[in-house]
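Participant: What follows is a structure written as structure tokens; I'll ask about it next.
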Amino acid sequence: MNASGDTAPGGWLSELFCSLQGEGLYAGERQVFIRTAGCGLECVWCDTAFSKRRTEWCVVYGPDETRIPNPVSVPRAAEAAADLAASFGPVSSASITGGEPLEQSAFVSSLAASLRQRGFRVHLDTNGVDAAGFEAVSGHIDVVAMDIKLPSATGRAYWSEHRAFLAAAAGKELFVKVVIDMNTRDDEFLMAVETIADVDDTIPLVLQPESGVLFSSGGGARALVERVQGLQRTALKRLARVRVIPQCHRILRIR
Ligand code: SF4
């Protein structure tokens with residue numbers, strides 16, 4: 001039983017740590033990160049491939065590096081998050097990220113509730129393809145950072161899934177991220193913009209230039225930055241708020 005008296009399943013976690021949010025509208029905010037293990041998508045530029053599969057241990061990067069056996073109970077995960085906040089705080093915000101958190105929606109729902117009871121404001125970072133999973137956790141989430149995964153990145157289209165997710169999350173504080181690389185096509189980008197605008201043209205869109213190219217020593221970075229700015233101008237014709245924000249943790253060389 002958790003603190004609310006509900007039966008809460010254990011969750012498969014990859015790592016816990018305290019750092020600065022690196023992506024999206026909250027870039028730079030100090031947060032405790034809880035990274036779930038497991039994700040069924042195959043993004044070509046995935047930078048957390050280690051979290052795509054379930055492992056025996058969850059690593060906690062506290063004052064000492066420790067390991068917790070998986071699956072981790074909700075009270076144990078929330079306690080570890082609170083310990084990190086005490087060691088590296090003040091910090092009052094927790095980000096549940098992945099992997100894909102909504103693949104374990106029952107666990108994430110209980111964890112988010114427990115984090116809130118401990119005073120955290122809870123952010124959810126998700127690939128945005130599981131509206132039903134989101135409905136299960138929505139009541140305990142303060143901020144939703146949703147990805148739109150383009151077909152050029154994943155090898156298949158998720159438009160109907162993204163549409164359903166946006167409809168489910170539209171009442172929350174929500175922003176959408178799209179990773180842009182040199183394989184991003186105009187038609188799929190326009191589809192992403194229309195998919196957002198059809199739900200609410202005031203939902204903020206963050207364009208994230210792909211870090212592998214952006215921070216490479218080759219000549220691709222300039223072309224990518226120009227490409228992203230062109231797409232920003234295109235998106236601003238349909239959406240009120242479109243920003244270009246790179247992965248700040250990569251710039252700062254932190255986790
Ligand atoms: S959704 Fe996230 S964790 Fe899953 S493959 Fe894509 S980038 Fe990696």
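Participant: Largest first, please: the extent of the C-alpha atoms of region 121-255 along each principal axis, to the nearest Å.
Facilitator: Cα spread of region 121-255 along its principal axes, largest to smallest: 45, 34, 29 Å.
Participant: Now, a different point. Could you give the angle, 0 to 90 degrees to the nearest 10, between helix 220-235's Cα long axis and the longest principal axis of the Cα atoms of the chain?
Facilitator: 80 degrees
Participant: Between T154 and T234, what is the spin-label point distance in nm, taking each point 7 Å from the Cα along the Cα→C-beta axis?
Facilitator: 1.9 nm
Participant: Which lysines does K52 reach when only Cα atoms under 28 Å apart count, and residues fewer than 8 places away in its own chain are ignored?
Facilitator: Reachable lysines: K149, K172, K177.
Participant: Which three lengths, in whole Å and largest first, does the chain cover when its Cα atoms are put on their principal axes?
Facilitator: 50, 39, 32
Participant: Starting from 0 in steps of 10 Å, tell me what percent of the Cα-Cα pairs of region 9-134 lands in each bin.
Facilitator: For region 9-134, the pair-distance distribution reads 14, 49, 34, 3.
Participant: Now for a separate question. Could you give the Stokes-Einstein D for region 84-148 in µm² per second, using the C-alpha Kirkwood radius, 10 °C, 1.306 mPa s?
Facilitator: For the chosen part, D equals 133 µm²/s.
Participant: I would also like to ask the following. With r as the distance between the Cβ atoms of D47 and F88 and R0 = 25 Å, compute the FRET efficiency 1/(1 + (r/R0)^6) and round to 0.05.
Facilitator: 0.65
Participant: May I ask for the angle, rounded to the nearest 10°, between helix 74-88 and the longest principal axis of the chain, with both axes built from Cα atoms and the value confined to 0 to 90°?
Facilitator: Helix 74-88 sits at roughly 80 degrees to that axis.
Participant: Output the antiparallel fraction of DSSP beta bridges having both residues in region 13-247, as a percent to the nearest 5.
Facilitator: Bridges in region 13-247 that DSSP calls antiparallel: roughly 30 percent.
Participant: Pairing the Cα long axis of helix 159-169 with the longest principal axis of the chain, what angle in degrees results, from 0 to 90 and rounded to the nearest 10?
Facilitator: Around 50 degrees separate the two axes.
Participant: Report, largest value first, the span of the C-alpha coordinates of region 23-72 along each principal axis, in whole Å.
Facilitator: 31, 28, 15 Å, listed from the longest principal axis down.
Each reported figure results from applying straightforward, stated rules to the coordinates on display, with no laboratory input. Quick caveat: nothing in here was measured; it's all calculated off a predicted structure. Every residue, glycine as well, gets a Cβ built from its backbone with ideal geometry; the counts of neighbours run over all protein chains shown.
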